[in-house]
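What follows is a single structure, written as structure tokens, with notes after it.
The values are calculated or read from the model by the stated rules, or taken from the named source; none is laboratory data. Everything numeric in this text was worked out from a predicted model, so none of it was measured. Backbone-built Cβ (ideal geometry, glycine too); neighbour counts: all protein chains shown.
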Amino acid sequence: MTRVGFLLIPGFALMSYASAIEPLRAANVLTGNSLYRWRHISIEGGDIVASNGVRIQADASVADVGRMDAIIVCAGGNPQTFDHAPTMAFLRRMARHGVRLGGVSAGPFLLARAGVLEGYRCTVHWEHIPAFTETFPYLQLSRSLFEIDRDRFTCAGGIAALDMMHALIRIAHGPSVASAVSDWFLQTEVRRGEVAQRLSPTERFGVHHPKLVRTLSRMEKNIEQPLSSSRLAELAGVSLRQLERLFARHLRTTIGRRYAQMRLERARLLLRQTTLPVGEVALATGFGSPMAFSRAYRERFGLTPRQDRAVG
């Protein structure tokens, strides 16, 4: 029997949690054996409230968990603001005792903050990637659905946890049990860990012109040091006038406006998910000065960066 502790952080994503725990229950039911037993762990005892208001009753707190084989951290919202020393100490203690550690959705962020992901491949939900890379630039972060690296396993969250649990059950109990669990949940296609988290650029941007799609992808990858419009056109193999026409025809905007929108959206994530000073956020999103950044930010969102951070 594998004893699994689900460490639920207030505001955790219910979908990610359910996708991680339900396959364990299914494995027990389908095999007729108690392959897994689980406990719900809170940071201080009592009920834990998910992001949608659902309450889960805790079986233990980080102070009195008992013996576990694995701990899965479920978190959501803004993990950068979570600062609970006993929880960080608990995760480090579990690591020292050889307990396998996992995280779903924003859970990997907390594992990183506890210092238990150094030397391991890991992943996190795409929404948290900008903040994660700014905060932990030395970690081996991938953009995959999930990563299993020795005694660490991390997942981007959502229904991707189903794919990760399939892989973990397969490792522990073989392909037939894992396939039976996936089949029970009508999971007709089990995705590999290295599959990308997000929709393809064509689907996300709603355009099909290959040169335009490649240009938008380049813009996303060059936020801190934006490429000039002429350079984007050169890389796309078209004239600047042709590229501007593509943006006008397919996106009803200009290259400059779309690029600014991407950079400001990245800035908003950094403001809400990190404690980086506003000036550093400005530099990380390609703005030459805090004043120019603040002016552009206010025009886009109706608030200054500091006002938006306070609201978020």
So how many residues does region 216-244 have that are of a type in the set (Val, Ile, Thr) and under 31 Å from the mean Cα position of the chain (by Cα)? 1
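Consider Gly76 carefully, then state whether it is buried (at least 22 other Cβ atoms within 10 Å of the Cβ) and within 28 Å of Glu280 (Cα to Cα).
So Gly76 passes the test.
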Given the options Phe247, Phe287, name the one that is more than 24 Å from the chain's Cα centre (by Cα) and under 24 Å from Thr133 (Cα atoms). Phe287
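Return a yes/no flag: does region 113-121 have any residue that is out of contact with any Ser or Thr (no Cβ under 9 Å at 6 or more places or on another chain) and buried (at least 19 other Cβ atoms within 10 Å of the Cβ). If you could, list the steps in order and put the result at the bottom.
Residues of region 113-121 out of contact with any Ser or Thr (no Cβ under 9 Å at 6 or more places or on another chain): 115-116, 118-119.
Within this subset, residues satisfying the condition of being buried (at least 19 other Cβ atoms within 10 Å of the Cβ) are 116.
Yes.
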Matching option when the condition is within 28 Å of Val29 (Cα to Cα), buried (at least 18 other Cβ atoms within 10 Å of the Cβ) and basic (Lys, Arg), among Arg170, Arg152: Arg152
So which residues in region 247-256 are part of a helix (DSSP H, G or I) and surrounded by 13 or more Cβ atoms within 10 Å (Cβ to Cβ), if there are any at all? Phe247, His250, Leu251, Ile255, Gly256
Run Pro226 past the list (1) in a helix (DSSP H, G or I); (2) at pLDDT 90 or above and report the number of the one that doesn't hold. (1)
Within the bounds of region 234-241, is there any residue that is at positive phi and either outside any helix (DSSP H, G or I) or charged (D, E, K, R) (or both)? yes
Tell me, yes or no, whether region 113-128 has at least one residue that is of a type in the set (A, V, I, L, M, F, W, C) and at pLDDT below 85. yes
Looking at region 285-312, which of the residues that are touching a residue at least 12 places away in the same chain (Cβ under 8 Å) and not in a helix (DSSP H, G or I) is surrounded by the fewest Cβ atoms within 10 Å (Cβ to Cβ)? Gly312
Could you list, in sequence order, all residues of region 257-279 that are assigned to a helix (DSSP H, G or I), of a type outside the set (A, V, I, L, M) and touching a residue at least 40 places away in the same chain (Cβ under 8 Å)? Arg258, Tyr259, Arg263, Arg266, Arg268, Arg272, Gln273
Where a residue in region 137-162 is part of a helix (DSSP H, G or I) and its partner, wherever it lies, is modelled with pLDDT under 90 and of a type in the set (Gly, Ala, Ser), with Cβ under 7 Å and at least six apart: none
